Structures are given as structure tokens and as C-alpha cells.
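First up is the structure itself, then whatever we jot down about it.
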Protein chains: 4
Amino acid sequence: MLNYQPTAWLRNGLRMTEQLDRRQALVHAAFSAIAEHGFEGFRLRPIAAAAGIDHSTLHHYFRTKADLIAAVLEHVTSQFEATMHNDLEPAARLRQHLNEIATAVVVRPELFVVLDELDLRARRDKSTEVDIDHDEQGWRDALAAIFNEGIEQHVWSMNLNVAASVELVIATVKGIRLRPDKAESVVNQLCDLFSPERLTHA
Amino acid sequence: MLNYQPTAWLRNGLRMTEQLDRRQALVHAAFSAIAEHGFEGFRLRPIAAAAGIDHSTLHHYFRTKADLIAAVLEHVTSQFEATMHNDLEPAARLRQHLNEIATAVVVRPELFVVLDELDLRARRDKSTEVDIDHDEQGWRDALAAIFNEGIEQHVWSMNLNVAASVELVIATVKGIRLRPDKAESVVNQLCDLFSPERLTHA
Amino acid sequence: MLNYQPTAWLRNGLRMTEQLDRRQALVHAAFSAIAEHGFEGFRLRPIAAAAGIDHSTLHHYFRTKADLIAAVLEHVTSQFEATMHNDLEPAARLRQHLNEIATAVVVRPELFVVLDELDLRARRDKSTEVDIDHDEQGWRDALAAIFNEGIEQHVWSMNLNVAASVELVIATVKGIRLRPDKAESVVNQLCDLFSPERLTHA
Amino acid sequence: MLNYQPTAWLRNGLRMTEQLDRRQALVHAAFSAIAEHGFEGFRLRPIAAAAGIDHSTLHHYFRTKADLIAAVLEHVTSQFEATMHNDLEPAARLRQHLNEIATAVVVRPELFVVLDELDLRARRDKSTEVDIDHDEQGWRDALAAIFNEGIEQHVWSMNLNVAASVELVIATVKGIRLRPDKAESVVNQLCDLFSPERLTHA
DNA sequence: CATGAATGAGTTTTCATTCAT
DNA sequence: CATGAATGAAAACTCATTCAT
């Protein structure tokens, strides 16, 4: 049961499309181009054209191609200020969080496509790696908090390997990013496996 | 508990580096180049140079860049004739299979890096998509067989969503592909969640 | 009796060689190259070099080779805004017109060489064909006007096949284009055959 | 009234298609390729393929591309051993000859297309020029004979400029080569202009 | 005679970037 | 800010030709 009401982080994304200055227009055009053609086919001229300016003018806003890519990366990570619902109990919070992600994968697939391109790129580009890692750490911490709290509240057994569970969630989300049609069922299956009724009895 | 003894499929892969003709040399060079620089920086001249031939001779073996990429794709997928241990009981088979993958991610990370590049590329290139999908379907079927057999043998509850479980496993593996250091703990955590002692009591 | 005073259309052509901007310089260089080596040996690099620019800069002015050829074609056809001397009586007008062409063949043979190359090329290139045909139609009409007027004024017999005569003139001119040394005598011979004193008595 | 019965020279051409050895097959393939794509697009590989051999084997038969072209030229000129009907009176002979050419232009247009390509090429290639000129000289002589005989027999006035008339005929034929649909009416018009009834009275 | 492999010089075209205006 | 012009390095690909087998 996907919730098509975009959450805070998605509204944030949509709001950006209004009142954007030229710099933002370029970042958006670049973002879309990467989503569509990947970095392999990422060229500056079409970006400038999409923003309605000459391709040499683009260099006024971004000195080099790398600078533009950095801006796109920043744009993408800024979209992931996910809202954790701290009022919910841990298991529900995990489910809610994963469902929001699944929804986002369906509603804004390009965001995840570009993220994947950046993830792959991070292997060759240190600065990309740093930014991505920083962003990911926040997520990692939030997930760890859920599990730790759950263990504290005896929702989950003390034997639960928190670090491994966090990485499992992250890996699953990353693996499902490019398959929107399967996102919902996969996160549900994962939540079911983490379901307290089952695990606490173990 | 990583098993550093490469399995059949990995030995196969390693054996390939000996006694290779020119065509294979080119595929290998291309494979390595993609592993290192991704498709973004994938150029033909260095490939030819690495194989010790003139760049125009490369076109004697592969008419176009796309042809070479197709050969790389084939090379990569041919490495994944994973051995399923059908003698083991389902849960152990799943664990064994995932452990082998985790091992492979550590031992031959480039294989998974290139696979990831191809996965991303498949979004823009139909023929890549077809080949990848075909390959993935075999995997999907093998995993489904594990779960179905497990349910039949009452290892897992009849309520287990087989399709979703299969996709969860696949997503997890894909998500962990680029993080070798976390591969083992993540697959173990996933296997634990699928562990019969827990699920059958639910 | 060649008249070496270039007519309006030739002067126009000669004037073009002064004060030309880069685009024109490229068209001129291309024109000369085609005149000298034909399309068979027509390469872009020497054109750029002749215009004193890098060969990549050429693409700034003409996106493709075909674009440059189109510009050459336009340049060539623009040289043929032949002046018909409507004040003369039909037979004299025909003679005058053909003499001007004969003169031009001698004075600017390259123009006719390139035209011939384009004529042959038109067989394989639709857009070239369209432009050439359009240009030729103007000529055809002007010639038809001469003959029709001549018949009206009883200079020529009503039995004169106008269409065939027009085509005969055109064919003759085309056939003589590459033989400047024979141009004068051929057009004179043709005019003599069309000479009224002879034909009206028939 | 075109005569669609091929004359000796055409039958000759058709006979060639039977019992041809590999060398001839290559020449034929080259001829067709030039007819279709001109020298601009004339490549050896497709020729070899059309003859069913490897492209390097082609060099066994023709050391260089130029050698193959020379063979094509020879093939083409060999097709023009036009039969002059010396039994006819001069004017009829001219008409008969031109009609045969007009027919040929319609029946075997490729022959004339290639001839035109060669004509243009002769401007840059001395050996082509020599062969073409030699061939043309035979034609020139035959035409001159017609006119001279005609003058002798008082068919045409002594004032007729034989050389100019010969060139006029040649120019007309060359000019009409690429326009088969107009060939008949043009040669008829030319013959009419040379018609004795008219000219002798002048 | 036939071929597959190899080459080297060359083709058009692209693209990020710079710079003068 | 904005642009058109220019560049240089490089891209993929082509092709006539040679040579060993």
C-alpha cells in the first residue's frame, strides 16, 4: 500500500522547481541529463542549451565540468534529509522509513538513478566519495538508533547484530533502487523478517 | 567465516587469464578498464595498447565499441555459472550460496564492479538489458527453487512470500556488491533472518 | 569572337574574392578544392588549413561536411544569375547568351568544373539534386521564352519544337563545360543552326 | 521512335555477363559500384564482397585501387565500339548513329554515368585522360567522316564547319548522358537542325 | 589463390575549455 | 553576464595495402 503523498523530503524537492535562478536551472538540467544518459553520455552543451544559455556561458557558473557534477551531487544529497518519525516505536519507525523510501523510488526514480551513478563514480572520484559517505553516515546513524532503541525496549533480542542489520537495510535499499516495481514488496519482506513477533521469540 | 578457497566458478575465472588469444586479451583489457574507470572513461585506444596491438586492429576483432562491450558482458555473465549445492537442505543451500557470493565479492571485486556498471548501462542500452535480464532470470529461478523446496519441506512457513524473498536476496546482493568489507556480515544477517528456527515458530 | 569583358554575373563573382569573412573563406577554399580534386579527394582538413584555421574550428561554421558542400553549391548557383538581354531580338539574344556562357567557361572554368561535380553528385544526394534542379529550371524558362518569342515574331517556324530546342541548348552547354577550348566554336555552330535565315526558309 | 533492339555494341555488353572469370566479376562489381555511388563512395571491400572473395584477395587480381579503376575504364570504353552504318547516306547515318546512342542512354544508363565519372576524373588523372581521349578520337573521326562525305556529296554546304559540327554533336551527347528521358528528343532536334533540306538552301 | 591479421595514415566529428569582445 | 570564435586533444571508425601462412 504505497502512500503517494510525498513526504517532507519530496516536497522539498518539488519546491525547488519554482523560482530557480540560472545556477539552479543548470544543476537541474544536469541532473536530468545524468538520470537519462548516465555520466557516460553526459555532455555540457546540451545542459547549457536546456538552460537557455550559450555553452560557454555555462563556464561562468561552473568553472569546470567537475564543478557542475559536484553541484549535482550536492543537489541530490540535499534531497535526502529523510524524516524519521521518532514518535513511533522502533519497529514501526523502521517500516515507516522503508516505506517512505519505497514510495520515493516509485515517485522520483531519477533521484535514485543519479544516486547510483554517483555511487559508482565515487569509486574513482575521491571528492564524490567523501560527500556520498558523509551523507550515508547520517542514514547509518539513524538506522542504528532504531535498532538500539528496539533492543533497549526489548523489541528485539540483545543478540541482534545492530551493525550488520544496518548494513543489511542499506544494502537492500541500494539494491532495489533501480527496480521501482519491486521496491514495496522487498521492503515489506525485509520488515517482516525484522518483525518483533518473530524475532523476540527466537 | 569467509571461505577463501575460490569455488569452481572463480577458479574458472582465474584460469582464463592464462593462454588467451588476442580476442580474449582485448576482452580482458576492456574488462579491467571498465572496472577501473567505468564506462564514463572507457576508451578504445588504451584497450588496444594494453593488448599490444594498434588501435585500428582492435576493429578487426570488434567492429564497434558496442561489440566489444557486448563481449565483455558475455565474459562477465559467463563467470556466474554459480554452483548451487543441491545436496544441501534449503536453508543451508541459501547460506552456502550467499557465502559464496560474499567470498567472490571479496576475491574478485572487479567482477561485481563491472556488473554494476553494466546494470546501470542496461537502463540506456536495450541489448545490454536483455543479456543482463536473461542472466538474472537464471539466478532468480534458482533462488525461488530454494524457497519453494524449503516451504515444501516445512522448513519455512507457507506464508513466506517467495517472490518477495527472492527479490530481497537479489536486492541485498546487488546493494552489497560495491562494499566488499561488509559483504560477509550482511549476508549472514540476512541468512539469520531467514533462519528456520525463528521463522517456523512464527 | 570572345568577349573578355566579364558580364554582370562574372563581375559579381570576382568581387566576392575581396573582403571575405571566414565563412566565405571556407566556402572559397572548398570550392577550389572541389575544382581541383573533385569530391573524390575532397577532405576537410586542407580546407581549414587553406582558410588558416584549425580543422575543428571549421565545424564551428559548418556542422558537417554536407553543410559545407551545400554552401559551396549555393555559392556556385548564385554565380549564375545570368543576364538575359531582353532588349535584343530572340536570335541575337540566344547568341548573346550562349556567347556569354562560352566566355565564362573560358574565364572561370572552375565554376563549370564544380558544377559538373555537383551535377554528378546530385544523382546520389537528394538535397543537391533539388537545389540544382531549381537553379536549372530558371535557365530552362529563360531559354523557352526566347524560342517562344521568336516563333511569335515569325523568326522561327511554328514547327520548331521549343522544349526539345531548350534541352538541346542545355545539353550542349553541359557537354562543352569541361572543354573550354571548344566552347566558342560549338556555341557558334549551334547558333548558326538556329539561324533564322536558314530555318524560316524551310 | 526509339529502337529498343540493342545494337551490336550493346549485345556485346550483354554477352559479357556470361562466363566471366573472377577478374571480370570484380570489374563488373566495381563498375556497378561506381555507377551507383560514384568515385566519391567507391570502396574496395564491398567490391570484393560482391565478387564473393576476401578483400585482401582482390589485391591478387588488381595490385592497387588504381589498377582496378583502369580495368573499369577499359571495360567501359570497350563497350563503345559503335557500329557506323557506312551503307547509309551521310544525314541518315548521323541520325542513325545518334539514335543508337539515345537508345543506349535509355537502355544502359549506368554505362554513361560511369563514363561521366571517368570524364570528370580524367581532369585529375593523366592515364584516365589518355584512355578517354583515345577512345573519343575514334568517335570524333567517325563523325568528321560523316560530315566530310556529306559535303562532298553536296548534302551539306561547303561552308559547314566540320570541326565545330563534330564538337557540337559530341557536346550534345555528353550533355544529355545523364538525362535519359530527354535523350531522344534532343538528338532528334539536333538532327533536324542538320537536316539537309534546310541547310543546303542556306 | 586465398585469407586473416595487422598496420598506419587518415577520416569526420566531438567536446571541454579559453578568451576577446 | 553573455557570447561567438577558436583551439587542441581526442574520439570512433575506415580503408588501401602488406604479409605470413
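The values are calculated or read from the model by the stated rules, or taken from the named source; none is laboratory data. Quick caveat: nothing in here was measured; it's all calculated off a predicted structure. In this analysis, Cβ positions are derived from the backbone assuming ideal geometry, glycine residues included, and neighbour counts consider all displayed protein chains. With ligands, DNA and RNA removed, areas are computed over all heavy atoms of the protein, side chains included. Shrake-Rupley method; radii C 1.70, N 1.55, O 1.52, S 1.80 Å.
The distance linking region D:40-108 with region B:152-186 is 72 Å (Cα centroid to Cα centroid, whole angstrom).
Site pair B:SER56 and C:ARG124 shows an inter-label distance of 2.1 nm when each label is modelled 7 Å from Cα along Cα→Cβ. When chain D is treated as a GNM with alpha-carbon contacts under 10 Å, the residue of D:ALA29, D:ALA164, D:ALA91 showing the greatest mean-square fluctuation is D:ALA164. In straight-distance terms, cross-link reach from D:LYS126 covers every one of the lysines whose alpha-carbon lies under 18 Å from its own, apart from those fewer than eight places away in the same chain; here that gives D:LYS65. Shortest first, A:ASN159 label-point distances to identical copies amount to 2.1, 11.9, 12.6 nm, with the label point at 7 Å from Cα along Cα→Cβ. Within chain A, no helix built from a complete DSSP H run reaches 27 Å or longer along its own axis (Cα positions) while carrying a mean Kyte-Doolittle hydropathy of 0.5 or higher.
Potential lengthening of the chain between B:ASP21 and B:VAL106 amounts to 27.8 nm, from the contour at 0.36 nm per residue minus the alpha-carbon distance. Surface calculation, 1.4 Å probe, protein heavy atoms: C:ASP87 sits at approximately 130 Å² accessible.
Measuring heavy-atom accessible area with a 1.4 angstrom probe and counting protein chains only, the residues of region B:35-60 that give up at least 50 Å² relative to the chain alone are B:GLU40. When only Cα pairs below 8 angstrom with a gap of at least 6 residues are kept, chain D shows a relative contact order of 24 percent.
Would you mind classifying region A:90-202 by shape? Square roots of the alpha carbon gyration tensor eigenvalues, ordered a ≥ b ≥ c; an a/c under 1.5 is rounded, otherwise it is prolate if a/b is larger than b/c and oblate if not. The shape class here is oblate.
For region D:21-124, GluC sites (Glu not before Pro) meeting the loop criterion (DSSP other than H, G, I, E, B) and having at most 13 other Cβ atoms within 10 Å: D:GLU81. The other copies place their D:ALA49 label points at 3.1, 3.2, 3.2 nm from this one, listed shortest first, where each point is 7 Å from Cα along Cα→Cβ. Here chain B exposes an accessible surface that is 50 percent carbon and sulfur, computed with a 1.4 Å probe and the other protein chains kept in place. For the chain pair A and B, the interface hides roughly 3500 square angstrom of accessible area in total, found with a 1.4 Å probe. From the square roots a ≥ b ≥ c of the eigenvalues of the alpha-carbon gyration tensor of the protein assembly as shown, which class results: rounded (a/c under 1.5), prolate (a/b over b/c), or oblate? Prolate is the answer for the protein assembly as shown, as a/c is 1.5 or above and a/b outweighs b/c.
Of the residues D:GLN189, D:GLN24, D:GLN96, the one that moves most in a GNM of chain D with alpha-carbon contacts below 10 Å is D:GLN189. Across B:SER56, B:SER165, B:SER185, mean-square fluctuation computed from a Gaussian network of chain B (C-alpha pairs under 10 Å connected) peaks at B:SER56. Taken residue by residue and averaged, Cβ atoms of other chains lying within 10 Å of the Cβ of C:152-163 number 1. Chain B holds its axis-closest Cβ, relative to the rotation onto D, at the residue and whole-Å distance B:SER56, 4. With 0.36 nm allotted per residue and the present C-alpha distance subtracted, the C:ASP87-C:GLN153 stretch has 22.4 nm of extension available. Inter-copy label distances for B:SER78: 4.8, 5.0, 5.9 nm (label point placed 7 Å from Cα along Cα→Cβ; shortest first). Per residue, region D:20-92 exposes an accessible area of 51 Å² to a 1.4 Å probe, with every protein chain left in place.
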